[in-house]
1. Write out the trypsin sites (Lys or Arg not before Pro) in segment 372-411 meeting two conditions: DSSP loop, and at most 11 other Cβ atoms within 10 Å of their Cβ.
2. Given the Cα atoms of segment 331-549, and with Rh set as the inverse mean 1/r over their pairs in the Kirkwood sense, what is Rg to Rh to two decimals?
3. In the full protein assembly as shown, how much of residue 66 is accessible to a 1.4 Å probe, in Å² to the nearest 10?
4. Anything over 21 Å Cα to Cα? Flag those among 375/437; 411/432; 376/452; 389/437; 325/452; 437/497, in the order listed.
5. Given a 1.4 angstrom probe, I'd like the percentage of the accessible area of segment 313-452 that is carbon and sulfur, rounded to a whole number.
6. Just add up the charged neighbours of residue 276: K/R +1, D/E -1, any other residue whose Cβ is under 9 Å from the Cβ of residue 276.
7. Around residue 131, which amide H atoms from residues at least 5 apart in sequence, or from another chain, sit under 5 Å from its own amide H, with H modelled in the peptide plane?
8. Net charge near residue 54, counting Lys/Arg +1 and Asp/Glu -1 over other residues with Cβ under 10 Å of its Cβ?
Amino acid sequence: MCFLLLVLIMALEIIYMPDVEGSGEVVEYLVELGETVEEGEPLIVVESDKASMEVPAPFSCILKSWEIELEGSVETGSALAQCEVIVSELAMSDAAPVVEAQISVEPEAVAEKATTSNATPVTESIVSIDMPDAGGDGDVVEFSLQPGDHFLEGDPILLVESDKAAMEVPAPFSGTLVEYLVETGQTISEGTPLVTASVSSGIQTANDAEKSVQSTDKVKGSVSSISDTPQPSPSPSPMALLSSDSSKTDGSVYSGPASRKLARQLGVNLEDVKGTGPRGRILKEDIKAFVKSNLKTPKQEVVSVAGIPSIPEQDFSRFGGVESKNLSGMAKATAAHMSRCWLNIPHVTLFDESDITDLECYRASLSAEALGIDKKPTILPFLVLVIAKALRKYPLFNSALHPDGKQIIYKEYINIGVAVDTPAGLVVPVIKDADKKSISELSETIADLASKARDRKLTAEDMQGGCFTISSLGATGGTGFTPIINAPEVAILGVAKATMKPVWDGEIFQPRKLLPLCLSFDHRVINGGDAGRFMATVNQSLSDIRHLLL
Ligand code: COA
């Protein structure tokens, strides 16, 4: 059998900027030099002051050179790129003069191709896409695109929810969205027009045009032509069921169809990706970098945030002037630790008020000089001692839950952490063996640790081994707050500002000084009853410090 060579004759074509209002800036190349781009696939991203759009290739070609620069300005008719396109295919029996690509084919097929080959000019059509058969009615839940967005065949157009499932309606062909014809919440059924889209068909061979017509016939009912110009070749895709871990095409995420497609291919949720493009646009590079960094992250870290929706980034500069400052290392570490504690521990906070009238009288009678210390003790050293004694009485509060959740570890030592507010952030130095120290010693230890914290001189040793934390905002104010447990500890005491209040003694109102206390506890380890008893003991000791001697 004799084989002939099919020779593709290539021509250089310029791709021009389509009709847009005003001018825009080129913000991203989406194709690399030498890469083949299919008709309708995005070439570049252009941003104007109104919108961002992906400019599609009007025909399939190989990119040879860019005629525009990144960040350069473009307008209707600007030359964008030079491309190589197939203008005709000839059957040759011998060596060809210019051979760009060679394919062996059967002689009959070659003859047919050679006779029907004929280039036609680029055409633009506006078409509507109708709802395909989804097995019943559904409500429009979410739009996947924005007007001006370019989409590829198979890209989701919108999300529909029936009483059975949530489904993405895929585009039956590539194009650019003009507008949605439905609203969110609207109930739609088979045949409801969903969107209008503009589609361009590039230089076509007669064969392609013929195929296009045939394909259009095939999807009649789901694609209806508004203009009379030729249609591109649509091919209906089946309805895609949403899977929980696939990339979510949320309209609020700022990215183009090409990035969305890549995210879907890589199983990335775009809401987790930080966009580095203009105005936070998510680029393909951002998705690749996200995947790379996730591969490097220990699995446990990834698991701990899975399923928690992230807070979408906002461009605050749209509303006025802004300034960004980097967080200190300490602030970042605190933020990470607080999130970990908050997410892992079921917190409950018990609020109460301790009568510290007598304690305050006693405190007022003290003198630093007589005690041989620099500064008269504040309420805090008394609180530390009261808590230390209560921890001895209720060892559950001096415990830790094993990470496997199967064991409670009781600690025999009593080390109490004290939250210290410093210009660089919050730190929690630890008072070791707090139950064995006097008020003077506790007062000095707290002053020493607080000063080291503010001078950033705390050692790792100073901050390790805590069993329970006290966070006192008493000097600044507040009537109460919900402190976050400092894991692996199981409880924390928040202290707000003590104030004079009238307290009914059964006969008259007495002026008493009340100290608001807020005890947060880990409900996996401690029950409300335990917390109530612990708090009662603390109240009793604070209202009559003679209990500390018992
Ligand atoms: N009610 C009323 N007055 C209070 C009080 C309270 N609960 N707690 C403290 N005060 C008083 C003190 O008695 C002191 O007054 P005095 O000198 O007349 O006795 C004054 O407020 C200043 O106290 P302060 O210097 O803050 O000492 P302290 O021993 O109470 O606290 C630190 C020491 C280091 C804990 C404290 O300075 C600190 O940094 N607190 C912030 C902790 C924090 O930010 N926690 C929040 C975590 S979310």
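1. Loop-located and lightly packed - 375, 406.
2. Details: Rg = 17.1 Å, Rh = 17.9 Å.
Here the Rg-to-Rh quotient is 0.96.
3. For residue 66, the solvent-accessible surface is approximately 50 Å².
4. 325/452; 437/497
5. Numbers: 4380 of 8030 Å².
Carbon plus sulfur share of accessible area: 54 percent.
6. On the way: positive: 274, 281; negative: 285, 286.
So the surrounding residues net to 0.
7. The list, which skips near neighbours in sequence, is 191, 192, 194.
8. So the surrounding residues net to -3.
The values are calculated or read from the model by the stated rules, or taken from the named source; none is laboratory data. All values derive from a computational prediction rather than experimental measurement. Reconstructed Cβ throughout: ideal geometry from the backbone, glycine too, with neighbour counts over all protein chains shown. In case anyone asks, the SASA skips ligands and DNA or RNA and just uses the protein heavy atoms, side chains included. Shrake-Rupley method; radii C 1.70, N 1.55, O 1.52, S 1.80 Å.
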